[in-house]
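Down below is the structure, laid out as structure tokens.
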């Protein structure tokens, strides 16, 4: 019973395909892909609508206010109202804009985010597009976003747009390095670039309560934290939202966009967030595996989306808690701390592997990470103690 | 009908010629770099095509050469563009025709 | 392999390349170059070298294109657009194209259909890179490091003099 519930979507797809068995040979793979795409878009557009209202409500709670509560019960129909508003707004294009580039940019951003979502395993046998180099595909597609952001900034012919785009590209390029280097230990230990193989490698439990997720090892935990922070930067979320810091440069590369194009940017940002979180779940949190062996009867996709929602909640939590960082702080952090730590994690993972992946390896890799961490914190300590603040009042 | 090796070679020849056109006929240094990148891409396409159409069992040699050539092309682009920036700072031009100080 | 896909990819690649070579504005040319690169990556996919296609997108679109675009921004002050292309170059390019095309069409042994091959997995490429191709790999690493440092030195030197 639980098995059939687990595979219900796969069975549904096979059923649809069997209905269309009269079609010519070449049509079957196309229809199969179209079903996958449709399911992907349906699920994530729903999630986008839900998260856009939940984010505002959670942020509201954190800031002692209610958040949206006018449209529908508890304000749950807010996304519908927002969508209608966005659709019927005028689409303003600046007169001196580079029209073609200005037009293509939002499409490219959204396409990149949606493509990246395609390689993540959402459940047992539920990878929409299982390709051998899935992780590489994810990053290859993700790197297109930089170019799209640049096109938005350039095409708008506006100095705020250009500044925002430059900031966005600078921080995305800087944090792409730690982002990829922190996935490297996982890829190294598993010995495969395909997300399915990585999830399969995290199967099994010690004492049937401790899952063999990579986040349970010292290097995995550290890599997860670094990956998460890099993910925050890559998706331009607070506290790293300098590219669109409202108080400094209006809305960055999105300044000159209105109506549906702005909505597309907004959607792409959230889709990018889903993709990065989904990859984090896949790489470190065991993908669709349940945390305890006894809970295996619950369908796999439920666990994936539970973990995804938990990570998304942390995203919102961080946004509600931390102030915006400065550009130079972001850059320094990337090059001076994240990068050496990411390299250390590769070594730590190797130590873990060669010590037999047991308790000894666990402790030794912890020692390696702790040593480098302490050394780095010593080196990077600027010893700039804050002077006691003095106040001078106007005489 | 499946595409044959010939068709892939024709495409890569066309790509190479377009790259050559950009490298020879434009005066802006970045256009010349763009041309060179296009020619390199054409060469990679040739490597992969010959690997794919070679008699089985295939060694992945063509693929590996293409990977190395992509890496080298990245290094070449980085140094080339750094040179463009350095020259621009010095002479305030990016047109290769104006860099003729060694002309007698 | 599908001939419809091949035709589409060929048209996109060549159109992107032509635009990159001929468009008057540098930014447009750089963005068209990206289209050409994606087209080349797609033909790698079509030929069964997925990994190289992904590397191509990753390196060219993610790194080289961004570099080019940044350089264009940093050297933007020059507005004097170049007028007229150098016809000598065009003639040479056409001659090369004609010559190569004639040779390819004349060589009858090139009209091969693709043989059946086992898929080239990432694992096989990795094993080859770590066994037979270790030295080239190390050399490429060295070259990349040298290029990185060289590029940094080239760009930074001027800045020191200005101070």
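The values are calculated or read from the model by the stated rules, or taken from the named source; none is laboratory data. Computed from a predicted model, the values in this text were never measured in an experiment. Backbone-built Cβ (ideal geometry, glycine too); neighbour counts: all protein chains shown.
Which of (1) more than 7 Å from every other protein chain (Cβ to nearest Cβ); (2) out of contact with any helix residue (DSSP H, G or I) (no Cβ under 6 Å at 6 or more places or on another chain); (3) at pLDDT 80 or above is the odd one out, the single condition residue C:39 does not satisfy?
Failed condition: (2).
Taking the stated definitions as given, is residue C:52 part of a helix (DSSP H, G or I) and either within 25 Å of residue A:167 (Cβ to Cβ) or touching a residue at least 24 places away in the same chain (Cβ under 8 Å) (or both)?
In short, no.
Select from region B:56-78 the residues that are over 22 Å from residue C:97 (Cβ atoms) and more than 7 Å from chain C (Cβ to nearest Cβ) and write down the one among them that is surrounded by the most Cβ atoms within 10 Å (Cβ to Cβ).
It comes out as B:62.
Kindly provide the set of residues from region A:94-108 that are buried (at least 17 other Cβ atoms within 10 Å of the Cβ) and more than 18 Å from residue C:29 (Cβ to Cβ), ordered by number.
Within region A:94-108, A:97, A:106 qualify.
Kindly evaluate residue A:130 against the criterion of being in a helix (DSSP H, G or I) and out of contact with any strand residue (DSSP E or B) (no Cβ under 6 Å at 6 or more places or on another chain).
No.
Quick check on residue B:82: is it facing chain C (nearest Cβ under 8 Å), at pLDDT 85 or above and closer than 24 Å to residue C:73 by Cβ?
When the stated conditions are applied, residue B:82 passes them.
Restricting attention to region C:111-132, which residues are in a loop (DSSP other than H, G, I, E, B) and exposed (fewer than 13 other Cβ atoms within 10 Å of the Cβ)? Explain how you work it out, then say what you get.
So in region C:111-132, the residues in a loop (DSSP other than H, G, I, E, B) come out as C:111-121, C:131-132.
Of everything in region C:111-132, those that are in a loop (DSSP other than H, G, I, E, B) and exposed (fewer than 13 other Cβ atoms within 10 Å of the Cβ) turn out to be C:111, C:113, C:115, C:116, C:118, C:119, C:131.
Those residues that are surrounded by fewer than 22 Cβ atoms within 10 Å (Cβ to Cβ) and part of a helix (DSSP H, G or I), I need them from region A:250-260; list them, please.
A:259, A:260
Among (1) touching a residue at least 60 places away in the same chain (Cβ under 8 Å); (2) closer than 23 Å to residue B:76 by Cα, where does residue C:33 come up short?
If we test residue C:33 against (1) touching a residue at least 60 places away in the same chain (Cβ under 8 Å); (2) closer than 23 Å to residue B:76 by Cα, just (1) comes out false.
What number of residues within region A:52-69 satisfy the criterion of being within 23 Å of residue A:267 (Cα to Cα) and in contact (Cβ under 8 Å) with a residue 40 or more places away in the chain?
Total meeting the criteria: 5.
Looking at this structure, is residue A:392 over 23 Å from the mean Cα position of the chain (by Cα), on the phi > 0 side of the Ramachandran plot and without any contact (Cβ under 8 Å) to a residue 60 or more places away in the chain?
no
Could you tell me whether residue B:87 is farther than 27 Å from residue C:7 by Cβ, part of a helix (DSSP H, G or I) and over 13 Å from the mean Cα position of the chain (by Cα)?
yes
Does region C:60-71 hold any residues that are more than 9 Å from chain A (Cβ to nearest Cβ) and either more than 13 Å from the chain's Cα centre (by Cα) or surrounded by fewer than 23 Cβ atoms within 10 Å (Cβ to Cβ) (or both), and which are they? Give the steps one after another, and end with the answer.
First, the residues of region C:60-71 that are more than 9 Å from chain A (Cβ to nearest Cβ): C:60, C:64, C:67-68, C:71.
If the condition is that a residue be more than 9 Å from chain A (Cβ to nearest Cβ) and either more than 13 Å from the chain's Cα centre (by Cα) or surrounded by fewer than 23 Cβ atoms within 10 Å (Cβ to Cβ) (or both), then C:67, C:71 are the ones that fit.
What number of residues within region B:8-26 are more than 7 Å from chain C (Cβ to nearest Cβ) and surrounded by fewer than 22 Cβ atoms within 10 Å (Cβ to Cβ)?
1
Yes/no matrix, rows are residues, columns are (1) surrounded by fewer than 19 Cβ atoms within 10 Å (Cβ to Cβ); (2) more than 7 Å from chain C (Cβ to nearest Cβ); (3) closer than 21 Å to residue C:5 by Cβ; (4) touching a helix residue (DSSP H, G or I) at 6+ places or on another chain (Cβ under 8 Å):
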site: B:3; (1), (2), (3), (4): no, no, yes, yes
site: B:28; (1), (2), (3), (4): no, no, no, yes
site: B:36; (1), (2), (3), (4): yes, yes, no, yes
site: B:42; (1), (2), (3), (4): no, yes, yes, yes
site: B:47; (1), (2), (3), (4): no, yes, yes, yes
site: B:54; (1), (2), (3), (4): yes, yes, no, yes
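Can you say whether residue A:155 is part of a helix (DSSP H, G or I), at the interface with chain C (Cβ under 10 Å from one of its Cβ atoms), in contact with a helix residue (DSSP H, G or I) (Cβ under 7 Å, 6 or more places away or on another chain) and farther than 22 Å from residue C:57 by Cα, as far as the supplied structure shows?
So residue A:155 passes the test.
How about region B:93-104: which of its residues are within 7 Å of another protein chain (Cβ to nearest Cβ) and without any contact (Cβ under 8 Å) to a residue 12 or more places away in the chain?
Hit for region B:93-104 is B:93, nothing else.
Where the second residue is exposed (fewer than 13 other Cβ atoms within 10 Å of the Cβ) and assigned to a loop (DSSP other than H, G, I, E, B) and the first is touching a residue at least 40 places away in the same chain (Cβ under 8 Å) and facing chain B (nearest Cβ under 7 Å) and lies in region C:112-133, which pairs have Cβ atoms under 9 Å and are six or more apart or on separate chains?
Correct list of pairs: C:114/B:2; C:117/B:56; C:117/B:57.
Quick one: count up the residues across region A:113-129 that are within 12 Å of chain C (Cβ to nearest Cβ) and surrounded by fewer than 23 Cβ atoms within 10 Å (Cβ to Cβ).
2
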